[in-house]
Amino acid sequence: MFTTPFVPERIRPLRRAEYDQLIELGAFRDEKIELIEGMLVPMSPIGPPHNSAVQKLGMLLLPPLVGRAAVHIQGPFAALEFSEPEPDIAVVPSGDYNTAHPDRAYLIIEVAETSLSFDRGVKQRLYATCGVPEYWIVNIAERVIEVFREPAGGAYTRIERYEGGQSLRPLHFEDLEIRVNDVIK
């Protein structure tokens, strides 16, 4: 006999504080997940092009930002009450993050190999809603860096694409120049 599965009218989202407590208790130990809008979302596996771009960005950002900002690589970002994404790169204010994850960022970078629609959609809205002034997507497939700036109303109002041969500068660190060819081959 076939029965219709129960589908609740609404689902209670997991709060970031609850998620952090579960992690402290050892939950999700062997899982690659992040909390997005109250839901546990599996993270895409990291392929060689993705890993290479993250490592190159780390090498390009870390030395010139020492003493000016902290560069977190694939670490949690405390985004609103129901989200704790783990962006590939987060340039955050310098500080002591021993007791809490950063909740402000100058720049967040996601490297998209298989997650492009998610990074352009849900994550873009999330970072804009958090007021992150600048969000980059390193689009591996198209070999471009998509730059989102000027967040307002849960969206970015200024979007630019940088291709091979071009350079870009982070808003808060305009003395720093990143060449697309140095990140994506």
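Using alpha carbons only, how many degrees (0 to 90, rounded to 10) separate the axis of helix 48-65 from the longest principal axis of the chain? Helix 48-65 sits at roughly 60 degrees to that axis.
For the chain, the 222 nm mean residue ellipticity estimated from helices alone, with every DSSP H stretch of n ≥ 4 adding -39500 (n - 2.57) and the total spread over all residues, rounds to -5500 deg cm²/dmol. Taking amide H positions as modeled 1.01 Å from N, with prolines and chain starts lacking one, the residues under 5 Å from Val144 and 5 or more places away or on another chain are Asn139. Given R0 = 35 Å, the distance between the Cβ atoms of Arg158 and Tyr97 translates into a calculated FRET efficiency of 0.75.
Take the Cβ atoms of Ser52 and Arg104, set R0 to 30 Å, and the FRET efficiency comes out at 0.60. Karplus-based coupling profile of region 96-103, in residue order and whole Hz: 9, 10, 6, 10, 7, 6, x, 10, with θ = phi - 60° in 6.51 cos²θ - 1.76 cosθ + 1.60 and x standing for Gly or Pro. The modelled label-to-label distance between Ala27 and Thr129, using points 7 Å beyond Cα along the C-beta direction, is 2.0 nm. Amide hydrogen proximity for Val132: with H placed 1.01 Å from N in the peptide plane, no residue at 5 or more positions away or on another chain lies under 5 Å.
Which of these values of Cα extents along the principal axes in Å was calculated from the structure shown: [x] 49, 36, 36; [y] 78, 37, 36; [z] 63, 39, 34? Derived directly from the coordinates: [z]. The relative contact order of the chain, computed from alpha carbon pairs under 8 Å that lie at least 6 residues apart in sequence, is 14 percent. Counting every other Cβ atom within 10 Å of each residue's Cβ, Arg16, Arg158, Arg10 order from fewest to most as Arg10, Arg158, Arg16. Database remark: amide H of Ile36 closer than 5 angstrom to the amide H of Val41, Glu84 (H placed geometrically; neighbours at sequence offset of 5 or more, or on other chains; Pro and chain starts carry no H).
Across region 110-127, computed HN-Hα scalar couplings (Karplus, 6.51 cos²θ - 1.76 cosθ + 1.60, θ = phi - 60°) run 10, 9, 10, 9, 10, 10, 4, 5, 5, 5, 6, x, 4, 5, 4, 4, 4, 5 Hz from first to last residue, x flagging Gly and Pro. Karplus-derived 3J(HN,Hα) values for region 158-164, using 6.51 cos²θ - 1.76 cosθ + 1.60 with θ = phi - 60°, are 10, 10, 9, 10, 10, 10, x Hz; glycine and proline are entered as x.
Where a number appears in this text, it was derived from the coordinates with a stated rule and is not lab data. These numbers were taken from a predicted model, which means no experiment stands behind them. A quick note on method: Cβ atoms are made from the backbone with ideal geometry, for glycine too, and the neighbour counts reach across all protein chains shown.
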